[in-house]
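The values are calculated or read from the model by the stated rules, or taken from the named source; none is laboratory data. Remember, predicted model here, so these are calculated numbers, not experimental data. FYI the Cβ positions are ideal-geometry reconstructions off the backbone, even for glycines, and counts take in every protein chain you see. Just the protein is used for accessible areas: all its heavy atoms, side chains included, with ligands, DNA and RNA removed. Shrake-Rupley method; radii C 1.70, N 1.55, O 1.52, S 1.80 Å.
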Amino acid sequence: MTVANEQIAESSSKGLLNFRITVERLIELLDLEDEDEYGILKPTEYAFRTAMKWVVEAYDVLRENFPKASVSTDELGSIRLAWQNTSADCRVRLFCPSNADDRAYIYHQKHEEYKSEDIIAASTLVHWLEWYNQA
């Protein structure tokens, strides 16, 4: 009985660990210098809040199936989250813009097929992360 409980706890904690790693990576972006010779390094408050919103909402649905993401900023203070499976040649990217004038979008690719679409609800991110998990 104890072994079964431990296995359940281990499998459900993987998604939580991936979620924590992703959130920690997002928070670390806030410690970056404001800018360098190439542009803004630290994300804008809008980009950070948008990224956290989509990640938290996706985790609420995916739970143990939440994959960890790499994170980065661009020269405008936007945030990009990247999920990449090199063995399956599959990737999902979430772009969170620096301001409300631009829309967040998702880019997804498997082999030579790719597409991007605006994200207006967490269900879009959930859908593509489920697709990514099945690759």
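At-a-glance table
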read-out	value
Single unsatisfied condition, Thr50 versus (1) over 16 Å from Asn18 (Cα atoms); (2) assigned to a helix (DSSP H, G or I); (3) open to solvent by 20 Å² or more (accessible area, probe 1.4 Å); (4) not aliphatic (A, V, I, L, M)	(3)
Filtered residues of the range 53-66 (kept if surrounded by fewer than 18 Cβ atoms within 10 Å (Cβ to Cβ) and under 15 Å from Tyr105 (Cα atoms))	Lys53
Within the range 121-135, considering residues that are polar (S, T, N, Q) and either in contact with an Asp or Glu (Cβ under 9 Å, 6 or more places away or on another chain) or assigned to a loop (DSSP other than H, G, I, E, B) (or both), the one most open to solvent (accessible area, probe 1.4 Å)	Ser123
Enumeration of residues in the range 12-30 that are in contact with a strand residue (DSSP E or B) (Cβ under 8 Å, 6 or more places away or on another chain) and either among the β-branched types (Val, Ile, Thr) or not in a helix (DSSP H, G or I) (or both)	Thr22
Test for Glu75: is it open to solvent by 20 Å² or more (accessible area, probe 1.4 Å) and at pLDDT below 95	yes
Answer from Val71, Val61, Val56 - the residue that is in contact with a strand residue (DSSP E or B) (Cβ under 6 Å, 6 or more places away or on another chain), closer than 26 Å to Glu130 by Cα and among the aliphatic types (A, V, I, L, M)	Val71
The range 78-103 - residue that is within 17 Å of the chain's Cα centre (by Cα) and modelled with pLDDT under 95 and, of those, surrounded by the most Cβ atoms within 10 Å (Cβ to Cβ)	Asn85
In the range 86-106, the residues that are in contact with a Phe, Trp or Tyr (Cβ under 7 Å, 6 or more places away or on another chain) and closer than 13 Å to Trp131 by Cα	Cys90, Arg91, Val92, Arg93, Ile106
